[in-house]
Amino acid sequence: EILPPYRFRRHMSTPFRTGIVGTGNFAHAHAEAISLSSSFTLVGACDIDSARSKAFTATYGGTSFADVSDMLTNEALDMVVVTTPDESHAGVIKNILTSDRRPKLLLVEKPLCTSPEDLKELRALFAKTTQAMVIDHSRRFSKSFDRLEKLISSGDMGNLLSVRWKYYAGWMRNGVHVVDTLRMFFGEFTCESAVLKGVDRYEHDPLLDVVLRSKKFPGARTTLEGVPEHPYQIFEGELFFSKGRIRIHHDDIFIDRLKPGYADIPSLEFDEHFKADAPAETMKNLYESCGAFLSGKADQRLKTA
């Protein structure tokens, strides 16, 4: 593809010009990461609430624009970050993909979209472009979860036997994090069943009980259970292997391994504990990966996310 001339106006030693669409809670985390990075600078933001957008740019810098089309028209952007409400992601992405001022990289907060119809349309649009995009599933950029993926891939834990995971709030809010984490560890899954449990925090985000089947380990039953957010926020996964177990309790990760027990019968014994990366650290890692991509360097985390 021959890139539009405006993309060559920025000298490679200057920070990558970034715009944010949607200036709610998640946008602040991205703006903080941009402010702490020497590789990026925030040049613009937009929101359907113009007052909120102006307050945002007054805090973090850049210009407040009426909408994403206005921002793309008036700024030569290297990267656009989409942090709007989930159900609006598809519409924003369509506007960007059909613009002749597309950025080199599109960074979208999960989920990509919320309906099969939107997914089908986005796939068709991406098939016609060379637009690069990354979806921010934070565990993809966590060194702790990268450590877990390497442990599992090494075969040290043996074959996967089963997975049980409880999540709260909603399928789009937290359930998709579980699915993406499992895909990161084991590759693709198929869905065998999904049962509606109800609705918790978000009116249009259901709690589902889901049974998945790993293509790599088809004999391993994988169950995801949606639980109400109150009185507890439970996000706990238990992965059983032929040589041990991994327990994930929010930010705590425990490794149990099989060791000789009574009468030489192997038993599970606690062997290792470490903390998952803090959100600010995963965001930092995400922007390092984006910076590497925009600089023309390979980054495995970005390629697989």
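The values are calculated or read from the model by the stated rules, or taken from the named source; none is laboratory data. Bear in mind that the values here come from a model prediction, so they are computed numbers and not experimental data. Counting neighbours? That spans all protein chains shown, and the Cβs are built from the backbone with ideal geometry, glycine included. To get the accessible areas, we keep the full protein, side chains included, count just its heavy atoms, and leave off ligands, DNA and RNA. Shrake-Rupley method; radii C 1.70, N 1.55, O 1.52, S 1.80 Å.
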Note to self: Can you compute the radius of gyration and Dmax for the stretch 110-196, using only the Cα atoms, both in Å?
What the structure shows: 15.4, 42
Check: Which value at 222 nm does the chain reach when only helices count, each DSSP H run of 4 or more adding -39,500 (n - 2.57), with the total divided by all residues and rounded to the nearest 500 deg cm²/dmol?
Finding: -9500 deg cm²/dmol
Item checked: Label-point gap, in nm, between residue 41 and residue 297 - each point 7 angstrom along Cα→Cβ -> 2.1 nm
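For the stretch 65-221, what is the per residue volume of the convex hull drawn over the alpha-carbon atoms, in cubic angstrom? Don't skip to the answer; put the middle values down first.
Details: hull volume 22.5 nm³, N = 157.
Each residue corresponds to 143 Å³ of Cα convex hull volume.
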Notebook entry, point to check: Residues with amide H under 5 Å of residue 161's amide H, sequence separation 5 or more or different chain, H placed in the peptide plane at 1.01 Å from N; which?
Noted result: 240, 241, 242
Checklist line | Förster radius 51 Å - calculated FRET efficiency between residue 14 and residue 259, Cβ distance, rounded to 0.05 | finding: 0.40
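What do you reckon, how do 18, 73 stack up by accessible area (1.4 Å probe), largest on top? Please list the in-between numbers first.
Working: 18 0, 73 95 Å².
I get 73, 18, largest accessible area first.
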Checklist line | Per residue accessible area of the chain, 1.4 Å probe, in Å² | finding: 50 Å²
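Gain in length, residue 159 to residue 199, computed as 0.36 nm per residue apart minus the alpha-carbon separation, to one decimal in nm?
Gain in length upon complete extension: 10.9 nm.
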Next item on the list: Using only C-alpha atoms and all pairs of different ones, pull out the Kirkwood radius for the chain in Å with one decimal.
Entry: 21.0 Å
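Evaluate E = 1/(1 + (r/R0)^6) for residue 211 and residue 268, where r is the Cβ-Cβ distance and R0 equals 35 Å; express this FRET efficiency to the nearest 0.05. Display every interim value, and only then the final one.
Details: r = 24 Å, r/R0 = 0.70.
Once the sixth-power term is evaluated, E becomes 0.90.
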Check: Contour minus end-to-end for residue 51 and residue 236, with contour as 0.36 nm per residue of separation and end-to-end as the Cα-Cα distance?
Finding: 62.7 nm
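Where both residues lie in the stretch 94-246, what percent of DSSP beta bridges are antiparallel, nearest 5? Each step should come with its number before you reach the end.
Working: 22 of 34 bridges.
Here the share of antiparallel DSSP bridges comes out near 65 percent.
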Next item on the list: Using only the Cα atoms of the stretch 186-305, each taken as one equal point scatterer with no solvent, compute I(q) by the Debye sum, divide by I(0), and report log10 of the ratio at q = 0.15, 0.20, 0.23 Å⁻¹.
Entry: -1.07, -1.23, -1.22
Next item on the list: Using a 1.4 angstrom probe on heavy atoms only, work out the carbon and sulfur share of the accessible area of the chain in %.
Entry: 54 percent
Note to self: For the stretch 126-215, what does the relative contact order come out to in percent, with C-alpha contacts under 8 Å and a separation of six or more?
What the structure shows: 25 percent
Next item on the list: Whole Å is fine, so just give me how far the alpha carbon centre of the stretch 102-166 lies from that of the stretch 206-236.
Entry: 17 Å
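Work through the residues other than residue 23 whose Cβ is under 12 Å from its Cβ and net out their charges, Lys, Arg +1 and Asp, Glu -1. Provide the component values of the computation, followed by the final result.
On the way: positive: 52, 54; negative: 47, 49.
Neighbourhood net charge equals 0.
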Check: So how far apart, in nm, are the two label points at residue 74 and residue 123 if each is 7 Å from Cα heading toward Cβ?
Finding: 3.8 nm
